[in-house]
Amino acid sequence: MAYTLGIDIGTYETKGVLVDETGTVHGQAARGHQMLVPRPGWAEHRPEEDWWGDFAHVSQTLVKDSGIDPADIKAVACSAIGPCMLPVDATGTPLMNGVLYGVDGRAEAEVNELTDRIGEDTIIARCGNALTSQSVGPKILWLKQHRPEIYAETAHILTSTSFLVQRLTGEVVIDHYTAANFSPLYDVTTQSWTDDLADDILPLTKLPRLLWSNEIAGHITPAAAAETGLAAGTPVTAGTIDAAAEALSVGVDHPGDMMMMYGSTIFIILRTQTRAADPRIWYAPWLFEGEHASMAGLATSGTLTHWFRDQVARDLDVAEAFPILAEEAAGSPPGANGLLMLPYFSGERTPIHDINAKGAVFGLNLTHTRGDIYRALIEGIAHGTRHVTDTFAELGQSPTRLLAVGGGTKNALWLQATSDITGIDQIVCKKTVGASYGDAFLAALAVGVVERNDIANWNPAQHTVPASPRAEYDTAHTLFRRLYEQTKDIAQELG
């Protein structure tokens, strides 16, 4: 039997899975970590402890607990939160904490500077995406302007997955899907690095070598084998961002397939026939050469439910809090007794791209309960999600099939509210392991153990959450959109 290993580094937890060639899971392991917020609008991870330390721990645990001979593990693939920005020196040693994806908005000034200088239309035409807090290029420019001593020592700029692959193999690589987030340094028309648009951000020699996600980046070194319990010489793929691996895990493989990932954030990937260019959404080449995808993401989703539990439900035991809160929210009617919540607790990504957007609960009176507020929170995330799906519809990119995945799929209230508010049925697959399962499939694909269509057998559909559209939700969505528009100037002044 041939086995493959997949490990994913999430915002708050690392998960790994050991899978055989039929998709049967032979081991799972996890390890938690924290997202650091050193100041408002910033978000970081410690690369040694949270990325490589977690990977090594989870890998060792899987090999030890499964009893599987490491020599029988035919390939390894990893994914991680992204796109991140990590400067490393010539030895591959991190020079600072990893700067996280769009939830980190420290480079707002650099986003504006580059957009003004290059022009948004040019950036979208060449890079496929407007510059936002999700873009890595402005964060590299921030590094140059605000941490010149670190910039001067930088040999390479890595992202989270690149860092793991470099530790495993010694190779400095990045997959095209991730690289497309390095705007304005990646040209989607040629699928290569470019300094045509801004030659003062970083020498291109300091960017990783480009690969497709199903290509082998290198092989596990003896040093990495000693730390991970894996066999030296085991092939390692280029890997990708966690959301793409999660999409693969539930069978997003054909144009019209959409994944909705319920995690720390809501992240959406839609496989498309051709490249879409619109500043409200993101574009990237898909994991495989010649294919396309459009993406969108909220800034806070699962993170917001954790905030609510920790700040508003301190009387509840942590292990029991979410089921109790869901029960309380279920006692509140659709519309949460007239409450609206803007879920912009870390600004917002798509489709408004407003780092200064603020969270808000509107409509409170003395009759409202904690259950009403928690329901309004869930519905606020769902309204933010509808704003995205409505944007896709305006671009002629409505999904033909929507597959839901992630830890939030265990929250029936959240799933149903999302179906009802967006008006889209959601399919939940049998396995909700997530990105690490997609990594294991990608590893198997890279070494020829499986074919692409085998994912339907690995992870078949289990049930559907049908949409039951409600007039009150349509009204609430209109008010939700108006509430943001009528308060964004105040949010901007609050800073």
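Each reported figure results from applying straightforward, stated rules to the coordinates on display, with no laboratory input. The shown structure was predicted, so the numbers you read here are calculated from the model rather than taken from an experiment. All Cβ positions, even for glycine, are placed from backbone atoms using ideal geometry, and neighbour counts span all protein chains on display.
Cα centroids of the stretch 21-35 and the stretch 372-402: how far apart, whole angstrom?
29
Can you list residues from other chains, or at least 5 along the same chain, whose modelled amide H is less than 5 Å from the amide H of Gly27?
The list, which skips near neighbours in sequence, is Leu18.
Provide the gained length on full extension for the span Ala155 to Met1, in nm with one decimal, where the gain is 0.36 nm per separating residue minus the Cα-Cα distance.
51.3 nm
Is it possible to state the helix-based mean residue ellipticity at 222 nm for the chain, with each DSSP H run of 4+ residues giving -39500 (n - 2.57), the sum divided by total residues, to the nearest 500 deg cm²/dmol? What is it?
-11000 deg cm²/dmol, from helical runs alone.
Want the number for Ala232 to Gln191: 0.36 nm per residue separation, take away the alpha-carbon distance, what's left?
That works out to 11.6 nm of additional length.
Taking the Cα centroid of the stretch 208-254 and of the stretch 119-142, what is the distance between the two, rounded to the nearest whole Å?
The stretch 208-254 and the stretch 119-142 have Cα centres separated by 27 Å.
May I ask for the distance between the Cα centers of the stretch 152-182 and the stretch 436-487, given as a whole number of Å?
Each part reduced to its Cα centre gives a spacing of 27 Å.
Taking the alpha-carbon distance from Lys74 and a cut-off under 17 Å, which aspartates and glutamates remain once sequence neighbours fewer than 8 residues away in the same chain are dropped?
Partners found: Asp20, Glu21, Glu215, Asp439, Glu451.
Could you pull out every residue, at least 5 positions away or on a different chain, whose amide H is within less than 5 Å of the one on Trp42? Hs are placed 1.01 Å off N in the peptide plane, and Pro or chain starts have none.
For Trp42, the qualifying residues are Gly105.
Local charge sum around Met259 (other residues, Cβ-Cβ under 12 Å, Lys/Arg +1, Asp/Glu -1)?
-2
On a straight-distance basis, which aspartates and glutamates could pair with Lys358 in a cross-link, Cα separation under 12 angstrom, same-chain partners fewer than 8 positions away excluded?
The qualifying aspartates and glutamates are Glu348, Glu485, Asp489, Glu493.
Which ³J(HN,Hα) values, rounded to whole Hz and listed in residue order, are derived for the stretch 214-224 from phi using the Karplus coefficients 6.51, -1.76 and 1.60 in 6.51 cos²θ - 1.76 cosθ + 1.60 with θ = phi - 60°, glycine and proline given as x?
Karplus values, whole Hz, x for Gly and Pro: 8, 8, 7, 7, x, 10, 4, 7, x, 5, 5.
Given 5 Å bins starting at zero, what is the percent of C-alpha pairs of the stretch 419-486 in each, up to the one with the largest pair distance?
4, 14, 15, 14, 11, 10, 10, 10, 7, 4, 1
Apply the Karplus parameterisation 6.51 cos²θ - 1.76 cosθ + 1.60, with θ equal to phi minus 60°, to every residue of the stretch 380-397 and state each ³J(HN,Hα) to the nearest whole Hz, in sequence, with x for glycine and proline.
Rounded to whole hertz, the list is x, 4, 5, 5, x, 5, 5, 4, 6, 5, 5, 5, 4, 4, 4, 8, x, 10.
Once phi is turned into ³J(HN,Hα) by the Karplus curve 6.51 cos²θ - 1.76 cosθ + 1.60 with θ = phi - 60°, what whole-Hz value does each residue of the stretch 358-371 show in order, with x for glycine and proline?
Whole-Hz 3J(HN,Hα) from phi for the stretch 358-371: 10, x, 7, 10, 10, x, 5, 9, 6, 8, 6, 10, 4, x.
Long-range amide H contacts for Leu158: which residues qualify at under 5 Å (H placed 1.01 Å from N, peptide plane, sequence gap of 5 or more or a different chain)?
Sorted by chain and number, the residues that satisfy this are Leu86, Val88.
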